[in-house]
Amino acid sequence: MPMHDVKISPAQAAELRRLNASRPVKVLAVTAGKGGVGKTTVSANLAVSIAAQGRDVMLVDADFGLANVDVLLGLHTRFHLGHVLSGECSLEDAIVTGPHGLQIVPAASGIRRMANLSPLEHAGLIRAFSDLYHRVDVLVVDTAAGLHDSVVTFNQAAHHVIVVVCDEPASITDAYALIKVMSREHGVRRFQILANQTRRADEGPRLFEKIQRVCDRFLDVALEFAGSIPFDDYLRRAVQRQTAVVEAYPQSISSVALKDLASRADKWTVPQGARGHLEFFVERMVGAQIGPAAVLQ
Ligand SMILES: Nc1ncnc2c1ncn2[C@@H]1O[C@H](COP(=O)(O)OP(=O)(O)OP(=O)(O)O)[C@@H](O)[C@H]1O
Ligand SMILES: [Mg+2]
């Protein structure tokens, strides 16, 4: 039975929060400069695969403009973050359970307001996370495309930012623009570049080299190649079935690559004290009691 279906006493909840506060949570943000490159596909399958490896994983749908993690995974949601923000429910109530105990926090589908949260609402949202008592080892965040405030906030808060790119000019230039702004204006200097929808074995490494060359020339950043996810018709079939491809077609080429990415991501470390208060905050996003002032300075 998922934890949020179990009634626990306030004292037990407080104890769980206290225990969680001392546990490191690894935060992975999946982002892109451009829409439609595969962020949701990657974050959902990555989260399911890491959960299948026995970790406690939470997937946050932070694409407030157009939510679709729940649709992709065929889950029925009653509440979403909009209800949490308006105080209609707690974050615990909004969480739904996916494959392998994966905990999913659905975003507010299609509600424009969610795409433009005020700083106060942002803080409220983050405080809602700090009140959680779920056990979490890895937090995967599916961000919106581009450079909205929420994208910047979540990328800045993550320990590892995975930038999804496709081999098309707009995807590459937009990824570069995202890396430029995140590094110059928000102090994020390390990025994992993930090539998606590749059609040849050398496409991913070439794409990475292309981005690295231009970044090396103009920016002070460290890029790592996170690998390639091949273009795969089975992935599209899985979308039709509203199931993660790693569950529906575990032997397909995209599943093998996604599970491989999950194994590698599971070994990525949480850098110690790398990026100031926001990172510190999100490291303890689940369980810690930290006020909004710490986040919004
Ligand atoms: N490796 C792949 N092989 C085949 N199709 C893929 C692959 N990755 C993603 N797709 C397809 O590309 C489309 C866009 O994917 P997805 O919704 O994950 O992108 P997104 O970046 O989250 O988009 P948005 O910016 O709208 O949130 C979907 O139809 C998805 O099924
Ligand atoms: Mg998406």
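The values are calculated or read from the model by the stated rules, or taken from the named source; none is laboratory data. As the structure is a prediction and not an experimental result, all values here were calculated from the model. Methodologically, a virtual Cβ is constructed for each residue, glycine included, from the backbone with ideal geometry; neighbour enumeration extends over all protein chains shown. Ligands, DNA and RNA are stripped out before the accessible areas are found, and what is left, the full protein with its side chains, is counted by its heavy atoms. Shrake-Rupley method; radii C 1.70, N 1.55, O 1.52, S 1.80 Å.
Which count do you get for residues in region 240-254 that are open to solvent by 80 Å² or more (accessible area, probe 1.4 Å) and without any contact (Cβ under 8 Å) to a residue 40 or more places away in the chain?
Residues that pass the stated criteria total 3.
With the requirement that a residue be more than 18 Å from the chain's Cα centre (by Cα) and acidic (Asp, Glu), what does region 239-263 give you?
Passing the criteria: only 247.
Take the residues in region 207-221 that are of a type in the set (D, E, K, R) and touching a residue at least 12 places away in the same chain (Cβ under 8 Å), then tell me which one is nearest to residue 176 (Cα to Cα). Explain how you work it out, then say what you get.
So in region 207-221, the residues of a type in the set (D, E, K, R) come out as 209-210, 213, 216-217, 220.
Keeping just the survivors that are touching a residue at least 12 places away in the same chain (Cβ under 8 Å) gives 210, 220.
On the way: 210: 10, 220: 12 Å.
Per the criteria, the residue is 210.
So residue 218 passes all but one of these: (1) away from ligand 1 (no atom under 16 Å from the Cβ); (2) touching a Pro at 6+ places or on another chain (Cβ under 8 Å). Which condition number does it fail?
(2)
Does residue 211 satisfy the criteria of being away from ligand 2 (no atom under 16 Å from the Cβ) and closer than 20 Å to residue 168 by Cα?
yes
Considering only region 255-284, how many residues are modelled with pLDDT under 55 and crowded, with 22+ Cβ neighbours inside 10 Å?
Matching residues across region 255-284 total 2.
I want to confirm something. Restricting to region 40-88 and keeping residues that are acidic (Asp, Glu) and away from ligand 2 (no atom under 15 Å from the Cβ), which single residue is modelled with the highest pLDDT?
Out of the qualifying residues, it is 56.
Starting from region 28-47, take each residue that is more than 16 Å from residue 72 (Cα to Cα) and open to solvent by less than 20 Å² (accessible area, probe 1.4 Å) and list its partners that are near ligand 2 (Cβ under 9 Å from one of its atoms) and part of a strand (DSSP E or B), counting only C-beta distances under 7 angstrom and pairs at least six apart or across chains.
29/143; 31/143
Would you confirm, using the coordinates I've provided, whether residue 174 is within 15 Å of ligand 1 (Cβ to nearest atom), in contact with a Lys or Arg (Cβ under 9 Å, 6 or more places away or on another chain) and either of a type in the set (Lys, Arg) or farther than 18 Å from residue 40 by Cβ (or both)?
Details: within 15 Å of ligand 1 (Cβ to nearest atom): yes; in contact with a Lys or Arg (Cβ under 9 Å, 6 or more places away or on another chain): yes; either of a type in the set (Lys, Arg) or farther than 18 Å from residue 40 by Cβ (or both): no.
No; evaluated as a whole, the condition is false for this residue.
Being surrounded by fewer than 16 Cβ atoms within 10 Å (Cβ to Cβ) and more than 20 Å from residue 71 (Cβ to Cβ) narrows it down to one residue among 237, 217; which is it?
217
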